[in-house]
Amino acid sequence: MALRVGDRAPDFSLPPAPGPDLVTLSSFRGEKNVVVLFFPLAFSSVCTEEMCRVAEERPDWAGLDAQVIGVSVDSPFVVQRFAVETKAGFPIVSDFNKEAMQAFDVMYEEYFGLRGVAKRSVFVIDRAGVVRYVWVDDDSGVLPPLEEVRAALVRLD
């Protein structure tokens, strides 16, 4: 069962590119609210649309003192390129080993013949590391309700 509002968010440390640098969720504790966006596969049409929309609206997110992190099962090489091509301006990280997806319980068992792909989902995590908003959809063709996500952030400040 996916995390619920009020649960403590599991920590993760994931690479945004090949190499030793990692993005660690707990590093934002006490500093910023965090929006974690799990998405199935980089460069697919809906995932590209989602990351581009979030990138275009990034000034709104920053104004809410929120750090956005995109998470995909794609390799560090792929997420690095995807972040560049979508002009994300926020980290998109590789959960190649499926640890974060399992911890947040948002992994498809089977996705068009592939195993271990993230469900499109959003978690808003407050500065204390507590989940304050959850959206998970089994239909990977549905974009997250970004207006609801922003409203959840506004309620935190």
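The values are calculated or read from the model by the stated rules, or taken from the named source; none is laboratory data. Nothing here was measured: the structure is a model prediction, and the numbers come from that model. With ideal geometry, Cβ positions are generated from the backbone for all residues, glycine too; neighbour counts draw on all protein chains shown.
Exactly one residue out of Val78, Val23, Val71 is touching a helix residue (DSSP H, G or I) at 6+ places or on another chain (Cβ under 7 Å) and in contact (Cβ under 8 Å) with a residue 24 or more places away in the chain, and it is Val71.
This table checks each residue for (1) at pLDDT below 95; (2) touching a Pro at 6+ places or on another chain (Cβ under 7 Å); (3) hydrophobic (A, V, I, L, M, F, W, C); (4) not in a loop (DSSP other than H, G, I, E, B).
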residue	(1), (2), (3), (4)
Met1	yes, no, yes, no
Val5	no, no, yes, no
Pro16	no, yes, no, no
Ser27	no, no, no, yes
Val35	no, no, yes, yes
Ala42	no, no, yes, no
Glu49	no, no, no, yes
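Across region 117-151, which residue is farthest from Val93 (Cα to Cα) among those that are small (Gly, Ala, Ser) and not in a loop (DSSP other than H, G, I, E, B)? That would be Ala151.
Filtering region 56-85 to residues that are at pLDDT 95 or above, surrounded by 14 or more Cβ atoms within 10 Å (Cβ to Cβ), in a helix (DSSP H, G or I) and of a type outside the set (Phe, Trp, Tyr) leaves Pro76, Val78, Val79, Gln80, Arg81, Ala83.
For region 99-116, a residue qualifies if it is free of Cβ contacts under 8 Å to residues at least 40 places away in the same chain and not in a strand (DSSP E or B), and the qualifying residues are Gln102, Glu109, Glu110, Phe112, Gly113, Arg115.
Just one of the listed residues (Ala88, Ala83) is in contact (Cβ under 8 Å) with a residue 40 or more places away in the chain and in contact with a strand residue (DSSP E or B) (Cβ under 8 Å, 6 or more places away or on another chain), and it is Ala83.
Restricting Arg120, Arg115 to residues that are among the basic types (Lys, Arg), more than 23 Å from Ser27 (Cα to Cα) and crowded, with 20+ Cβ neighbours inside 10 Å narrows the list to Arg120.
Tell me, yes or no, whether region 126-143 has at least one residue that is touching a helix residue (DSSP H, G or I) at 6+ places or on another chain (Cβ under 8 Å), modelled with pLDDT of 95 or more, surrounded by 22 or more Cβ atoms within 10 Å (Cβ to Cβ) and among the basic types (Lys, Arg). No, because not a single residue in region 126-143 is touching a helix residue (DSSP H, G or I) at 6+ places or on another chain (Cβ under 8 Å), modelled with pLDDT of 95 or more, surrounded by 22 or more Cβ atoms within 10 Å (Cβ to Cβ) and among the basic types (Lys, Arg).
The rows are residues; the columns are (1) closer than 21 Å to Phe12 by Cβ; (2) modelled with pLDDT under 95.
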{"site": "Lys98", "(1), (2)": "yes, no"}
{"site": "Glu109", "(1), (2)": "yes, yes"}
{"site": "Glu147", "(1), (2)": "no, yes"}
{"site": "Asp157", "(1), (2)": "no, yes"}
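Annotation: Phe96 fulfils all but one of (1) in a loop (DSSP other than H, G, I, E, B); (2) surrounded by fewer than 21 Cβ atoms within 10 Å (Cβ to Cβ); (3) touching a strand residue (DSSP E or B) at 6+ places or on another chain (Cβ under 6 Å); the unmet one is (3).
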